[in-house]
1. Name the residues whose placed amide hydrogens come within less than 5 Å of the amide hydrogen of residue 70, ignoring near sequence neighbours (fewer than 5 apart) on the same chain.
2. Treat each spin label as a single point 7 Å out from the Cα along the C-beta direction, and report the residue 63 to residue 131 distance in nm.
3. Could you point to the residue in 59, 35, 125 farthest towards the positive end of segment 16-132's charge dipole, with +1 and -1 charges on the Cβ of Lys/Arg and Asp/Glu respectively?
4. Under the classification rounded if a/c is under 1.5, otherwise prolate if a/b is larger than b/c and oblate if not, where does segment 61-113 fall, given a ≥ b ≥ c as square roots of the Cα gyration tensor eigenvalues?
5. For segment 92-108, what does the Karplus curve 6.51 cos²θ - 1.76 cosθ + 1.60, with θ = phi - 60°, yield as ³J(HN,Hα) per residue in whole Hz, taken in order and with x for Gly and Pro?
6. Can you tell me the FRET efficiency between residue 73 and residue 109 if r is taken as the Cβ-Cβ distance and R0 is 41 Å, rounded to the nearest 0.05?
7. Give the calculated FRET efficiency between residue 91 and residue 29 to the nearest 0.05, with a Förster radius of 41 Å applied to their Cβ-Cβ distance.
8. Read phi for every residue in segment 115-121 and hand back ³J(HN,Hα) as whole Hz from Karplus 6.51 cos²θ - 1.76 cosθ + 1.60, θ = phi - 60°, with x for Gly and Pro.
Amino acid sequence: MELKDLINASESDGNDKPEKISPLKSLEKDLKFYSESIKEVSAEIVNEGISDYPIFIAHQHEVNIGELILDRADLGTSWSVQASTLDEFIKKGIIHPEKKERFIKTFKNPEDFICVFVIVPEGANFVFYPYH
């Protein structure tokens with residue numbers, strides 16, 4: 001799933017109600033801003049043998065997974081980002097061990113895409129976002 005798929009998922013259905021701005025619009029802006037830094041951390045995770053599956057958690061509240069690498073309060077942005085790995089997601093029970101192979105098959109090349117676990121009040125989901 002791409003970020004734009006989530007952003008456009010709440011398109012107007014023809015009603016004339018004012019459209020609520022998705023918080024994912026600000027995430028897309030922040031990911032463009034963070035792209036180079038995330039790519040460096042991703043390469044470090046892979047090159048140092050920590051994991052072949054780096055995952056970055058985008059959130060606007062405190063979360064208890066990964067290591068904070070980009071703090072929205074320090075950077076004046078809307079989203080904070082934490083770095084993690086597939087193994088940590090399995091250990092924390094976010095990805096069930098029996099789903100590991102399926103996740104690996106859908107995982108996109110970390111040199112070309114950021115694997116983002118987006119946490120919003122409505123829930124959380126994985127998105128693969130291309131580097132810019």
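1. For residue 70, whose amide H was placed from the backbone, the distant partners under 5 Å are 81.
2. Calculated label separation equals 2.1 nm.
3. The one lying farthest along the dipole's positive direction is 125.
4. On the way: a/c = 3.33, a/b = 1.70, b/c = 1.97.
Oblate shape, in that a/c is at least 1.5 and b/c is the bigger or equal ratio.
5. For segment 92-108, the Karplus-derived couplings read 7, x, 6, 10, 6, x, 6, 9, 4, 4, 5, 4, 4, 5, 8, 5, 8 Hz, x marking Gly and Pro.
6. Working: r = 32 Å, r/R0 = 0.77.
Step by step, r from the Cβ atoms, then E = 0.85.
7. Values: r = 32 Å, r/R0 = 0.77.
E(calc), rounded to 0.05, equals 0.85.
8. Karplus-based 3J(HN,Hα) across segment 115-121 equals 8, 10, 9, 8, 10, 10, x Hz.
Each value in this text was obtained by applying a stated rule to the coordinates, not by laboratory testing. Because the structure is predicted, anything quoted here is derived from the model rather than measured. Backbone-built Cβ (ideal geometry, glycine too); neighbour counts: all protein chains shown.
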